[in-house]
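Chemist: So that we are looking at the same thing, I have put the structure below in structure tokens.
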């Protein structure tokens, strides 16, 4: 049984990262994978043999930040999620340094700044244990074999389709459809210079132009983007102003010399 | 609203004359059907095929499973994913694997297992809710779990942004050898295990 376990690709307990040796500020890491920042935090708390309900926040924060520094030095991309927890740790640390508000009522209960984090850690730890349970169950299940495939299995293929499969197929169809459209339709592309010229003609002919109406007359995203840039360009270079007659009203491009 | 597909058990029309069947005869038939079915077969499906009462089939299957236990052979009949399945026993897995030349299939990563645990206990659950518990993005783990069909989408949650909800699949029950979701130990049971008060 033991020899068999060696064969498995990973062992739940061995796979967590481990700080092997420590010499001054140099830490050697046995690389593994922490499932996330909370996992790392639990590991550090356990390493310190600290009580989870009374976390030595300064020490744990230092170690946590140290670990992140090492990850960076080893060029491991430090996920943003690790930094979120780092920020939270620092915040808790600073809140714990603050003296008690002298104006606060005597009997007023001060909530431990660590409480929220502790609650989260406890909740997380339950699911970590549940994950371990699943791991153990799947190991047992891997030692159980149903019968081999027989002829009739093939004929029941539809039973195996899930929504996910349908979505995959649907996405493929959509992708194919998209390609077809691409091949069929040729749109004339309008350059920024043309768009500016066009826009200028319209503004100076009428004295003003409602932007919303102008944008609505355009069809493709590309035209819209070009038009938007053209509007900005005209306002910058020509004697044209952007006007809004009242809050939430349509925005109007107005030629300045036309009053 | 849930976008799940009900798996429709096919009812095979039998053209046999309706005659009360002996229990021994039924037991034979049930054993054969469980063997032939490519997925765990429910007592309802068995009863439909055999045109018998479910209660009767229930007791027949249970007796059959028990007889397998008593025989202590290489096979077992067990309840899994809401149905009955015939499979080898764990004791013989090394020999079976040698014949099939199969290695244990790739295990799920720690992140995927954790994500799966959260989904199993909190379903239907959204990505932000999983993030809240795990403290880390789970997008790639969710993708893996979807690909392995261990989880399925369960429609959108009617809240800001209408996030997609996820739940476990029948494959999940099979993969982890569970009769149904209530077969999972209660999440509160893990509480005592993890945080010894010091």
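Chemist: What do you get for the angle between helix B:54-71 and the principal long axis of chain B? Use alpha-carbon atoms, 0 to 90 degrees, nearest ten.
Modeler: It works out to around 90 degrees.
Chemist: Here's another thing I want to ask about it. Please give the average number of partner chain Cβ atoms lying within 10 Å of the Cβ of each residue in B:159-172, rounded to a whole number.
Modeler: 1
Chemist: Also: Please say if region A:192-258 is rounded, prolate or oblate, where rounded means a/c under 1.5 for a ≥ b ≥ c the square roots of the C-alpha gyration tensor eigenvalues, and otherwise the choice is prolate for a/b larger than b/c and oblate otherwise?
Modeler: oblate
Chemist: If each residue's Cβ is checked for other Cβ atoms within 10 Å, how do B:179, B:170, A:246 rank with the fewest at the top?
Modeler: Working: B:179 15, B:170 22, A:246 6.
The most exposed by this proxy come first: A:246, B:179, B:170.
Chemist: Expressed as an acute angle from 0 to 90° and rounded to the nearest 10, what is the orientation of the C-alpha long axis of helix B:110-122 relative to the principal long axis of chain B?
Modeler: The helix B:110-122 is inclined about 70 degrees to chain B.
Chemist: To the nearest whole number, what is the average tally of beta carbon atoms from other chains within 10 Å of the beta carbons of peptide B:126-135?
Modeler: Mean shielding by partner chains, rounded to a whole number: 4.
Chemist: A follow-up question, please. Give the peptides A:129-135, A:67-73 in descending order of average Cβ contacts within 10 Å, highest first.
Modeler: Output ranking for A:129-135, A:67-73: A:129-135, A:67-73.
Chemist: Using Cβ contacts closer than 10 Å as the measure, can you line up B:164, A:96 from fewest to most?
Modeler: Lowest to highest Cβ neighbour count: A:96, B:164.
Chemist: How crowded by other chains is B:35-44, given as the mean number of beta carbons from other chains within 10 Å of each beta carbon?
Modeler: Per residue, the average neighbour count from other chains is 3.
Chemist: Kindly put B:54, A:114, B:134, A:245 in sequence by how many other C-beta atoms sit within 10 Å of each C-beta, fewest to most. Provide the component values of the computation, followed by the final result.
Modeler: Working: B:54 13, A:114 20, B:134 26, A:245 8.
Final ranking by Cβ density, sparse to dense: A:245, B:54, A:114, B:134.
Bear in mind these aren't lab numbers, they're just calculated from the coordinates by the rules spelled out. Treat the numbers as computed from the prediction; the structure is a model and nothing was measured. Cβ: placed from backbone, ideal geometry, glycine included. Neighbour counts: every protein chain shown.
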